[in-house]
Amino acid sequence: MFAKAFRVKSNTAIKGSDRRKLRADVTTAFPTLGTDQVSELVPGKEELNIVKLYAHKGDAVTVYVSGGNPILFELEKNLYPTVYTLWSYPDLLPTFTTWPLVLEKLVGGADLMLPGLVMPPAGLPQVQKGDLCAISLVGNRAPVAIGVAAMSTAEMLTSGLKGRGFSVLHTYQDHLWRSGNKSSPPSIAPLALDSADLSEEKGSVQMDSTLQRDMRHMTLEGEEENGEVHQAREDKSLSEAPEDTSTRGLNQDSADSKTLQEQMDELLQQCFLYALKCRVKKADLPLLTSTFLGSHMFSCCPEGRQLDIKKSSYKKLSKFLQQMQQEQIIQVKELSKGVESIVAVDWKHPRITSFVIPEPSPTSQTIQEGSREQPYHPPDIKPLYCVPASMTLLFQESGHKKGSFLEGSEVRMIVINYAKKNDLVDADNKNLVKLDPILCDCILEKNEQHTVMKLPWDSLLTRCLEKLQPAYQVTFPGQEPIVKKGRICPIDITLAQRASNKKVTVVRNLEAYGLDPYSVAAILQQRCQASTTVTPAPGAKDSLQVQIQGNQVHHLGWLLLEEYQLPRKHIQGLEKAPKPGKKK
């Protein structure tokens, strides 16, 4: 369903009544979730957005977004979890297992055929036709897709595991996953087996591998394109899955056996030490703890992983920082009521000095190069000048006409050559230029044309540039230059006061610099831990603005200047950032 890009209709913060209704719907749809788990999935006070969109085939879908990630989606009044949610609750749905090579086909829009299933020692999960199921890969229980069973378990076995097994709705790496933080599936070890079961599973895996090699017509049903259904095709690579792929699933290392909470604790410690060692300087202190998290710790998170404090044993940033203060790594103080800041750091602490900056793993590099979008690179912006009708006589000798675009250095050279060619340099004072009728008409005001006979070089060149029309050239990496008249609008950051007397930060003109407002909103929503919305910009055609709850100018400034490397001169409103020690 999300194999191709979708179109967003609206993105709004959820109302209190809708939040309560969603909780009730989640409880009904997924009765295995306890009350605490439902409250964790649909938080009571934290940001939660409703995104209404149209899938590429026209299906109207409602997506619920929390912490920058889609957590649930609703289609035809049915509620479905996303892979982000299933990674936190891997046992929420009955799970079937397939081979890693099949994933690429599922991401492309294919359904899962029964020959692609791996038979576990305990047998297939018991489901009925139409039941919602999760799909995982051999060696990792973290689901990578969700789908609807095309037949019951009994019918699957009766068919000899032939035919279409599941209609796939959503997968890891599809466009719905891309709308989140694009993190990779966590490593969740297979359920513990006793020695007898383990021996049985090894035999089962070897048997499955043999069966896989013998399957000559392992097929996947492709997605519909242009109204025609692609015929299922033979794919030998899927039937030749290497045996060690399965064996690796039975030999998880100690890291894979750690719980999600333990893994998140380690990631939290890593990002904390990384930020202190490489990002935070003494001149940055005192540093708001929220800024430390949003602008420093998040940026130290490895590719393909997501830092989520709520999934750690600490649950809150303040509790984690208290622990770090007890270890005498940092000192935290409440400089103003309700607002904590880091006021001191012991950079000689053994935990900081001994911390080794992690290198990107081959897996994360593969994800970044293959499935993730390319990192943002700022455009090259060059001011230009456009020749108006009133200046054509001056520039026509050099081969330029009305509407020609020139750089400032070209304009200066043309004027200098014109003056020298027409003997306009004053013989007695080389710093002065005599004005001929063409120069008079081009650069002098009407009341000056009979009184001003000469001008200094700098004044002549300055006046000439002022008479030309402003223009600019924008060049994005790997693309042809784009030339436009006028001046490029800066990214505009403003603060507004809403009826509820709450401040919101509004940022406009992101598109002119190649930035996607929805992507920027998702990043800020996570880092600021605040509600964000994307709406049409008033008075601007085909332009969007991002609104973030609270004064988030500091976070915006860090994102635009430090991470996106945009020149400060193209951003206005940075001075509106809250001063250290003041409440937002």
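The values are calculated or read from the model by the stated rules, or taken from the named source; none is laboratory data. These numbers were taken from a predicted model, which means no experiment stands behind them. So basically every Cβ, Gly included, is an ideal-geometry build from the backbone, and we count neighbours across all protein chains shown. SASA here: full protein model, heavy atoms, side chains in, ligands and nucleic acids out. Shrake-Rupley method; radii C 1.70, N 1.55, O 1.52, S 1.80 Å.
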(message) For a protection proxy built on the mean count of beta-carbon atoms within 10 angstrom, sort 68-76, 410-418 highest first, please.
(response) 68-76, 410-418
(request) Would you calculate the separation in nanometres between label points at Lys45 and Lys9, each defined as 7 Å from the Cα along the Cα-to-beta-carbon direction? (result) 3.3
(message) How large a share of the accessible area of segment 260-354, in percent, is made up of carbon and sulfur atoms when the probe is 1.4 Å and the other protein chains stay in place?
(response) 48
(message) Could you work out how much longer the chain between Thr451 and Gln126 gets when fully extended? Use 0.36 nm per residue separation minus the Cα distance between them, nm to one decimal.
(response) 107.2 nm
(request) Could you work out how far apart the two model spin labels at Arg351 and Thr392 are, taking each label as a point 7 Å from the Cα in the direction of the beta carbon, and quote it in nm? (result) 7.3
(message) Using a probe radius of 1.4 Å on heavy atoms only, what accessible surface per residue do you get for segment 1-154? Whole Å² is fine.
(response) 41
(message) For Asp441, project a label point 7 Å along Cα to C-beta. Then give me every residue of segment 378-396 with its amide nitrogen under 16 Å of that point.
(response) 388-396
(request) Quick one: net charge around Met297, please, counting Lys, Arg +1 and Asp, Glu -1 for every other residue with C-beta under 13 Å from its C-beta. (result) +3
(message) Accessible area of segment 393-551 with a 1.4 Å probe: how many percent of it is carbon plus sulfur?
(response) 51
(request) Could you tell me, in Å, what Rg and Dmax come out for the Cα atoms of segment 435-482? (result) 16.3, 52
(message) Just to verify a number: FRET efficiency for Ile381 and Cys278, C-beta to C-beta distance, R0 = 22 Å, to 0.05?
(response) 0.15
(message) I'm a student and want to see the number: the projected area of the Cα convex hull of segment 127-179, averaged over all directions, in nm².
(response) 4.2
(request) Please compute P(r) over all alpha-carbon pairs of segment 260-354, binned at 10 Å starting from zero, and give each bin as a whole-number percent. (result) 16, 53, 29, 2
(request) Could you please report the charge total around Trp558, scoring K, R as +1 and D, E as -1 over all other residues with beta-carbon less than 12 angstrom from its beta-carbon? (result) -1
(request) Note down, for segment 380-475, the three equivalent ellipsoid semi-axes (square root of 5 times each alpha carbon gyration tensor eigenvalue), biggest first, whole angstrom. (result) 24, 14, 12
(message) Students often check this: by mean Cβ neighbours within 10 Å, which of 329-335, 98-104, 504-510 ranks highest, and how do the rest follow?
(response) 504-510, 98-104, 329-335
(message) Let's test this: bin the Cα-Cα distances of segment 489-576 at 5 Å from zero up to the farthest pair and state each bin's percent.
(response) 3, 15, 28, 28, 19, 6, 1
(message) Full-extension gain between Glu410 and Arg498, please, as 0.36 nm times their residue separation minus the C-alpha to C-alpha distance.
(response) 26.8 nm
(request) Enter the Cα centre distance for the pair segment 337-356 and segment 67-117, rounded to the nearest angstrom. (result) 41
(request) Heavy atoms only, probe 1.4 Å: what % of the accessible area of segment 7-179 goes to carbon and sulfur, would you let me know? (result) 51
(request) Loop only per DSSP, at most 11 neighbouring Cβ atoms within 10 Å: give me the trypsin sites (Lys or Arg not before Pro) in segment 434-488, ordered by residue number. (result) Arg487
(message) In Å², and per residue, what accessible area does segment 260-354 have when probed at 1.4 Å with the other protein chains present?
(response) 48
(message) Before I look further, what does segment 489-576 give for accessible area per residue, probe 1.4 Å, in whole square angstrom?
(response) 45
(request) Only loop residues by DSSP count here, and only those with at most 16 other Cβ atoms within 10 Å; note down the trypsin sites (Lys or Arg not before Pro) in segment 9-54 that meet that. (result) Lys15, Lys45
(message) Only four residue types carry charge here, +1 at the Cβ of Lys and Arg and -1 at the Cβ of Asp and Glu. Report the dipole size of segment 260-354 about the Cα centre in Debye, rounded to the nearest 20.
(response) 180
(message) Let me check I've understood the local charge: for Val425, count other residues with C-beta under 11 angstrom from its C-beta, Lys and Arg +1, Asp and Glu -1. What total comes out?
(response) +2
